[in-house]
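> Attaching a single structure in structure tokens format; questions to follow.
The values are calculated or read from the model by the stated rules, or taken from the named source; none is laboratory data. Quantities reported herein were computed from a predicted structural model and do not represent experimental measurements. FYI the Cβ positions are ideal-geometry reconstructions off the backbone, even for glycines, and counts take in every protein chain you see.
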Amino acid sequence: MYRVTTSRLGPDARRINPTSENMDRGELSAADLTVLLDAFVEIDPADNEENDPSVVVTGRGAKLIIRTSRGRLQVYDVRDHAAPAAEMTVPGILARLDKVETTAPFPTDDEQPPPTAPHRGIAFAMLTLGLILNGYILYSVFYVESVNKKVEVKLLTDADEVKAKEAVLAGTYATGAKVGDRVIEVAATGQVRFYEIGSKGPINDSKDSYRIGRHDGLLCLTTAESGVVDLVGDTLVYYKDIYQRRRPSP
């Protein structure tokens, strides 16, 4: 079974529903998910471009964001936001959702390697430590480069569309509600605020201006100084952290 949420889709997933920002469809079987995705690719191209609908599916091995373009499915991995979209078929999507990484079992007593001389063990440990440190340094360099890499954002130019998107995006988003969690407040006036929850109030507080655009099929905020913030379903993704929209208290 797969947990499915859709954004801006009608009940049959074949037509747009602009007022349905986030619809929880519960758990679907592989057959039901196939029917939904087959219908999803039949959406009118003009409606698809204007409303940017999406399907978010969680399986045993992955959580995927699925969009459609020219009758094909474009798939993003929520846990690897820096990776570009991959064009996939429905069977390929199901296989990716079900794929669970496994590790080899521990060796039995009969399979244990013979003991090595002490000096060889020390040398091997030092070599392993050196490789780990080098690998971590390389990872850190490439991670920073991938996070700081500028994306090509195509700004929205229609004033009515920009105003409508600003109204939809306006709100408070957070990684959690505990001390140390981070918050993004988006105003419908082109202003955005970033801060961290401290024990006595907000800390590391900063404000910036934003404009709305798209890149790689994603609606986003491109700020003057703080980089790009992506809208994925009903959440914001900023530097690989996921910010959930806070609902107002009843």
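> If you go through the stretch 13-56, how many residues are assigned to a loop (DSSP other than H, G, I, E, B) and either out of contact with any helix residue (DSSP H, G or I) (no Cβ under 6 Å at 6 or more places or on another chain) or over 28 Å from ALA95 (Cβ atoms) (or both)?
Of the residues in that region, 14 qualify.
> Within the stretch 208-217, count every residue that is free of Cβ contacts under 8 Å to residues at least 40 places away in the same chain and touching a Leu at 6+ places or on another chain (Cβ under 7 Å).
Adding up the residues that qualify gives 1.
> Closer than 30 Å to LEU73 by Cβ, surrounded by 13 or more Cβ atoms within 10 Å (Cβ to Cβ) and modelled with pLDDT of 90 or more - does that describe any residue in the stretch 136-152?
No - not one qualifying residue is present in the stretch 136-152.
> Do we find that ILE212 is surrounded by 15 or more Cβ atoms within 10 Å (Cβ to Cβ), touching a helix residue (DSSP H, G or I) at 6+ places or on another chain (Cβ under 6 Å) and outside any loop (DSSP other than H, G, I, E, B) in this structure?
For ILE212, the condition - surrounded by 15 or more Cβ atoms within 10 Å (Cβ to Cβ), touching a helix residue (DSSP H, G or I) at 6+ places or on another chain (Cβ under 6 Å) and outside any loop (DSSP other than H, G, I, E, B) - is met.
Conditions tested, residue by residue: (1) surrounded by 18 or more Cβ atoms within 10 Å (Cβ to Cβ); (2) without any contact (Cβ under 8 Å) to a residue 24 or more places away in the chain; (3) of a type in the set (Ser, Thr, Tyr).
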site: VAL186; (1), (2), (3): yes, no, no
site: THR189; (1), (2), (3): no, yes, yes
site: PHE194; (1), (2), (3): yes, no, no
site: SER199; (1), (2), (3): no, yes, yes
site: SER206; (1), (2), (3): no, yes, yes
site: ASP230; (1), (2), (3): yes, no, no
site: TYR239; (1), (2), (3): no, no, yes
